[in-house]
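What follows draws every value from the coordinates through simple rules; no lab data is involved. Note that the structure is a prediction, hence the values are computed from the model and not measured. Using ideal geometry, Cβ is built from the backbone for each residue, glycine included, and neighbour counts are taken over all protein chains shown.
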Amino acid sequence: MTRHFNFCAGPAALPTAVLERARDELLDYHGRGLSVMEMSHRAPEYVAIAEKAEADLRELLAIPANYRVLFTQGGATQQFAAVPYNLLGQGGSANFVHTGIWAQKAIKEARHLFGGVHLAASSEANRHTAVPRPEEIALSADAAYLHYTANETIGGLEFDYIPGSEGGGPRRPDGSEVPLVCDMSSSILCGPLDVSKFGVIYAGAQKNIGPAGLVVVIVRDDLLDRARADMPTLFGYKALSEAGSMINTPATYSWYLAGLVFEWLKEEVGGLEAMGEINARKASKLYAAIDGSDLYSNPISVANRSRMNVPFVLADDRLDKAFLEEAEAIGLLNLKGHRSVGGMRASLYNAVPEVAVDTLIDFMADFEQRHG
Ligand SMILES: *Cc1c(COP(=O)(O)O)cnc(C)c1O
């Protein structure tokens, strides 16, 4: 059996050690004679799995006690609707920072459901190659919250700061504070994070947490009472929290695997400080290889280059096909860029080992020698 190096943007690579453990436990979980997949979500052994996953995530991210952690479904895309439903119940408008395709989708959904949204800042003018600076973010007088996308998975653009964090949360023109909401789907757990700066953090699991089908939401408990009355039950942060994320059947197996990933991060990697150092090394050597070549380039301003998703183009796009075929032939998978932008993209999530990046860099240099 060979496990290739997988640079897929999502669903993404999982740690081999996690998959081995899942394999070992697949048919008979801890001598119970059944698979985790076949357990009732109300069974004590499953509840223990679910609670341990939450406890480990809380420990990894040092999540303060006044935050609830939800394990829900519907993808990050469902949160594009769930966030405004949960936070616009007392009126006001959703404020957004527009930085690319994912931010745009969140904006579109809020506008579709509730009409007026306020664009507090946008990087459209620089074609999303640099995020707006903090002083460029201007909230509306009626802002109920500010939403931003920490890492644009397709564009490869990442915030190098937390909006509003200088003087607490983001502020309306009159100086009053509003909650900060963040789509962290492709960057959660990539390094240390100060959760206390946020009102709501949400992340689809299939990038840095586990398999698809699960979304983690971290919400400050004073925000649980701002929901609209016409909200679908399953969107509700308060109801989910009160039911231990089990209003209905949760994504039990994905939740279990996410728990194994949290354990791996704690015990094998040594926590998010250590993970952040590895990720910084992986990304900086790949960007250095791109910048040092005549064939490859990346347009993003250096301070906002994503640690997790590295898009690059070849100077001659007629070489794209050969690049992808040759890469795949030596076990470097899923380097094709998103269908909307073309070119290449190497996603370097936590489970992509440093040796994968080293192998990619060697291949890129060799390819340039032969074709450049
Ligand atoms: C992948 C992704 C999404 C969408 O996730 P789904 O689970 O497919 O809904 C949203 N935002 C960002 C930043 C993403 O990377």
With Cα springs under 10 Å, the Gaussian network model of the chain assigns the largest mean-square fluctuation among 126, 208, 95 to 126
Multiply the residue gap between residue 339 and residue 325 by 0.36 nm, knock off their C-alpha separation, and tell me the result in nm, one decimal place. 3.3 nm
log10 I(q)/I(0), Debye, Cα-only the stretch 1-132, no solvent, q = 0.12 Å⁻¹? -0.80
Comparing 255, 102, 264 in a Gaussian network model of the chain (Cα, 10 Å), the one with the largest mean-square fluctuation is 264
Extension gain residue 355-residue 16, at 0.36 nm per residue separation less the Cα-Cα distance, in nm? 120.7 nm
Listing 341, 69 by rising number of other beta-carbon atoms within 10 angstrom, fewest first, gives 341, 69
Would you mind calculating the gained length between residue 230 and residue 318 on full extension (0.36 nm times residue separation, minus the Cα-Cα distance), in nm to one decimal? 26.4 nm
Interatomic Cα distance distribution for the chain, bins of 20 angstrom, percent: 29, 56, 15, 0
Gyration tensor (Cα only) of the stretch 271-371 to equivalent ellipsoid, semi-axes in Å sorted down, yields 22, 15, 13
Packing-ranked peptide list from 43-49, 356-362, 298-304, highest mean Cβ count within 10 angstrom first, is 356-362, 298-304, 43-49
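Given 105/282; 207/321; 207/282; 105/238, which pairs have Cα atoms separated by over 21 Å?
Working: 105/282 29 Å; 207/321 26 Å; 207/282 16 Å; 105/238 25 Å.
The pairs that break the limit, which is 21 Å between Cα atoms, are 105/282; 207/321; 105/238.
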Sum of side-chain charges, residue 9 neighbourhood, beta-carbon under 13 Å (Lys, Arg +1; Asp, Glu -1): +3
